[in-house]
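Peer 1: Pasting in a structure now, in structure tokens, and then I'll have a few things to ask.
The values are calculated or read from the model by the stated rules, or taken from the named source; none is laboratory data. Quantities reported herein were computed from a predicted structural model and do not represent experimental measurements. Backbone-built Cβ (ideal geometry, glycine too); neighbour counts: all protein chains shown. Remember, those area values only see protein heavy atoms, side chains included, never the ligands or the DNA or RNA. Shrake-Rupley method; radii C 1.70, N 1.55, O 1.52, S 1.80 Å.
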Amino acid sequence: LGVTKGDRVALFMPMCPELVIAFFAAIKLGGVVLPLFSGYGADAVATRLRDAEATLLITADGFWRRGQAIAMKPVADQALDAAPLVLNMLVVPRLGTDVQWTNRRDHRWEELIPRQSDACDTARTDAEDPLMIIYTSGTTGLPKGTVHSHCGFPIKAAQDMAHCFDVHDTDTMYWVTDIGWMMGPWELFGMTLLGGTTVIYDGAL
């Protein structure tokens, strides 16, 4: 999909294994990650995509919430109608349901990913290079994006867990969160840097 250093990669996904893979893959390539709450409507997604000038959206066909199947791809399709800079959408088959398809723009995870090489160079970044843009909820006006750097958010997440939670590499953490909330990236970064184990769960009990 041609992601290079500085490209904005939006993640509109449930907390699933493919999310973690996409999250760290985009960062490894030097992309700037844009985590989006899985429960957003199309307008909320489109507003953030436009503001961040994202060119790639990674989403899922849907996810399970309280035993109900929640469709995501139709929301993503509607959002992209209002976000013309997004040229590609990568779709994870979380539910395995049939979805509407836009040729040349939409790509199937299960077809694209297995064809990739196991070897991939890591983009060289400076400490203050942008890593991630996390947006406010937008309940008090237009959502505001906070830019986090490569040597800021990940190190602070690991520090929080090490000093405040006494996390070690033998520990397992399950934090009830979403990738679009600050605690989602916090959990992934912190536990990974400390060598611990993260439990992920899409939906709600």
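Peer 1: For residue 50 and residue 71, what does the FRET efficiency come to when R0 = 30 Å and r is the distance between their Cβ atoms, rounded to the nearest 0.05?
Peer 2: Using R0 = 30 Å, I get an efficiency of 0.85.
Peer 1: Using Cα positions and a limit of under 20 Å, work out the lysines in reach of residue 5, with same-chain residues fewer than 8 apart set aside.
Peer 2: By straight Cα distance, residue 5 reaches 28.
Peer 1: Fully extended, how many nm does the chain gain between residue 107 and residue 170 (0.36 nm per residue separation, minus their Cα-Cα distance)?
Peer 2: 18.9 nm
Peer 1: State in Å² the accessible area per residue of the chain; use a 1.4 Å probe, count heavy atoms of protein chains only, and round to the nearest integer.
Peer 2: Numbers: 10680 Å² over 205 residues.
Heavy-atom accessible area per residue stands at 52 Å².
Peer 1: While we're here: Provide Rg over Rh for the range 1-101; use the alpha carbon set for both Rg and the Kirkwood Rh (inverse mean inverse pair distance).
Peer 2: Numbers: Rg = 12.6 Å, Rh = 13.4 Å.
Rg/Rh: 0.94.
Peer 1: Output the 0 to 90 degree angle, nearest 10, between the alpha-carbon long axis of helix 42-52 and the longest principal axis computed from the alpha carbons of the chain.
Peer 2: So the inclination is approximately 60 degrees.
Peer 1: If one takes the longest principal axis of the Cα atoms in the chain, at what angle in degrees, from 0 to 90 and to the nearest 10, does the Cα axis of helix 17-28 lie?
Peer 2: The two axes meet at around 80 degrees.
Peer 1: Percent of accessible area on the chain owned by carbon and sulfur, 1.4 Å probe? Show your work: numbers first, answer last.
Peer 2: On the way: 5720 of 10680 Å².
Carbon and sulfur: 54 percent of the exposed surface of the chain.
Peer 1: Mind checking the range 1-80 for trypsin sites (Lys or Arg not before Pro) that DSSP puts in a loop (not H, G, I, E or B) and that have at most 16 other Cβ atoms within 10 Å?
Peer 2: Counting only loop positions with at most 16 other Cβ atoms within 10 Å, the trypsin sites (Lys or Arg not before Pro) in the range 1-80 are 5, 66.
Peer 1: With a/c under 1.5 counting as rounded, go ahead and sort the range 72-196 into rounded, prolate or oblate using the C-alpha gyration tensor (a ≥ b ≥ c being the square roots of the eigenvalues; past the cut-off, prolate if a/b is larger than b/c, else oblate).
Peer 2: It comes out prolate by the Cα gyration axes.
Peer 1: What is the extension gain from residue 4 to residue 137, computed as 0.36 nm multiplied by their sequence separation minus the C-alpha to C-alpha distance, in nm to one decimal?
Peer 2: 45.1 nm
Peer 1: Starting from the 7 Å offset along Cα-to-Cβ, what nm value, one decimal, do you get for the label separation of residue 122 and residue 78?
Peer 2: 4.1
Peer 1: Between the helical axis of 183-194 and the dominant principal axis of the chain, each derived from Cα atoms, what acute angle in degrees is found, rounded to the nearest 10?
Peer 2: 50
Peer 1: Go ahead and run the numbers for FRET between residue 64 and residue 129, Cβ-Cβ distance against an R0 of 30 Å, rounding to 0.05.
Peer 2: 0.25
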